[in-house]
Amino acid sequence: MQAEYFEEVLREAYSHLAVQGIIMFAGPAQAGFNSTMLADTNFQTTPTGQVVDNLILEWGSGPYTAIADSRGIVDISLHHGDYDVIVTHPSNQYSKKLNFSVRKGSSEENVHVKMHA
């Protein structure tokens, strides 16, 4: 249950326009970090640690790949951050690399890229 509350707090904080990132002070139980341990004494991920791992994957701004539909259209939703997006057309495997910067609080944008089939 604590991990669920922790996830809610992190999501609420990260969604605020003034928040650019989150710094966590977490460590092993031996050092007194009993409430937000990310790993147990055997270095196995705890439920709280899994929440952090999942959010890093969800909010990450690493390379993003997508396969367009048969018409060459793809719909991508990105959190704020900088992205390298690679879109591949399914019929000819042609790929196009695009660079995006999504700013916090920005409105939804449509980007049209012409890909020849």
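The numbers here are math on the coordinates, done by the rules we state, and not lab data. Quick caveat: nothing in here was measured; it's all calculated off a predicted structure. No Cβ is skipped: glycine too gets one built from the backbone with ideal geometry, and neighbour counts run over all protein chains shown.
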Exercise for the section: Quickly run through segment 11-66 and pick out the residues that are under 17 Å from ASP82 (Cα atoms) and touching a strand residue (DSSP E or B) at 6+ places or on another chain (Cβ under 6 Å). Expected result: SER61, PRO63, TYR64, THR65, ALA66
Problem - Hits in segment 67-106 - residues which are farther than 17 Å from GLN20 by Cα and among the hydroxyl-bearing types (Ser, Thr, Tyr) - result: SER70, SER77, THR88, SER91, TYR94, SER95
Practice task
Please tell me if LEU17 is surrounded by fewer than 13 Cβ atoms within 10 Å (Cβ to Cβ) and touching a residue at least 60 places away in the same chain (Cβ under 8 Å).
Solution key: yes
Practice task
Could you run through segment 44-89 and say how many residues are in contact with a helix residue (DSSP H, G or I) (Cβ under 6 Å, 6 or more places away or on another chain) and exposed (fewer than 15 other Cβ atoms within 10 Å of the Cβ)?
Solution key: 2
Practice task
Find all pairs meeting these conditions: Cβ atoms under 8 angstrom apart; at least six residues apart or on different chains; first residue within segment 44-60 and more than 13 Å from GLU4 (Cα to Cα); second residue assigned to a helix (DSSP H, G or I) and of a type in the set (Phe, Trp, Tyr).
Solution key: TRP59/TYR14
Handout entry: First in segment 94-117 and loosely packed, with under 10 Cβ neighbours inside 10 Å, second anywhere and outside any loop (DSSP other than H, G, I, E, B) and β-branched (Val, Ile, Thr), Cβ under 8 Å, 6 or more apart
Key = ASN99/VAL85
Practice task
Mind telling me which of the residues ASP53, ASP69, ASP40 ends up being under 20 Å from GLU109 (Cα atoms) and charged (D, E, K, R)?
Solution key: ASP69
